[in-house]
1. Output the qualifying pairs, or none if there are none: Cβ atoms under 7 angstrom, residues six or more apart or on different chains, first residue in region 76-92 and of a type in the set (Gly, Ala, Ser), second residue surrounded by 13 or more Cβ atoms within 10 Å (Cβ to Cβ) and part of a loop (DSSP other than H, G, I, E, B).
2. Out of the residues in region 1-44 that are aromatic (Phe, Trp, Tyr) and surrounded by 10 or more Cβ atoms within 10 Å (Cβ to Cβ), which is modelled with the lowest pLDDT?
3. Taking region 53-69, which residues are more than 16 Å from residue 32 (Cα to Cα) and modelled with pLDDT of 95 or more?
4. Restricting the search to region 36-64, which residues are under 30 Å from residue 24 (Cα atoms) and in contact with a Ser or Thr (Cβ under 6 Å, 6 or more places away or on another chain)?
5. Would you pick out the residues in region 46-71 that are in contact (Cβ under 8 Å) with a residue 12 or more places away in the chain, more than 11 Å from residue 121 (Cβ to Cβ) and of a type outside the set (S, T, N, Q)?
Amino acid sequence: MKRFAIYICLLVMSIGYAAAQGKAEIKFDKTSHDFGTFPEESPVVTCTFTFTNIGDSPLVIHQAAASCGCTVPEFTQEPVMPGQTGTVKVTYNGTGKYPGHFKKSITLRTNAKTEMLRLFIEGDMTPKGE
């Protein structure tokens, strides 16, 4: 009976410890970016999304996946401490793509309360000579 009471006590303490642990929370300054109009002669455009960890524990971005191979995300690799900021830099390369409007997404997987979120970029690439 003593063993059972000890196991129950340990179980209750471990559940309480797990519940007391804070969680990271990510907040972006913006979640979409419009490049506007840019020429086919300069097809590479870049923007940077800035985020803040407004949670209680370190924030880690595990993965950033673009919806297309023409879009490349780069993100802060080290854990972002509570109150600190990090970035996700997104480069769109329109080389070899048809001119016109595009809209792409970047899916982030994190350890935050919202484990998965999306960022969006869009713009219009004008044909050569316009």
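The values are calculated or read from the model by the stated rules, or taken from the named source; none is laboratory data. As the structure is a computational prediction, the values presented were derived from the model and not from experiment. Virtual Cβ from ideal backbone geometry, glycine too; neighbours counted across all protein chains shown.
1. That search, which allows pairs on different chains as well, returns 86/76.
2. 7
3. 53, 54, 55, 56, 57, 58, 59, 60, 61, 62, 63
4. Hits for region 36-64 are 46, 48, 50, 52, 61.
5. Answer for region 46-71, where residues must be in contact (Cβ under 8 Å) with a residue 12 or more places away in the chain, more than 11 Å from residue 121 (Cβ to Cβ) and of a type outside the set (S, T, N, Q): 51, 54, 55, 56, 58, 59, 60, 61, 62, 64, 65.
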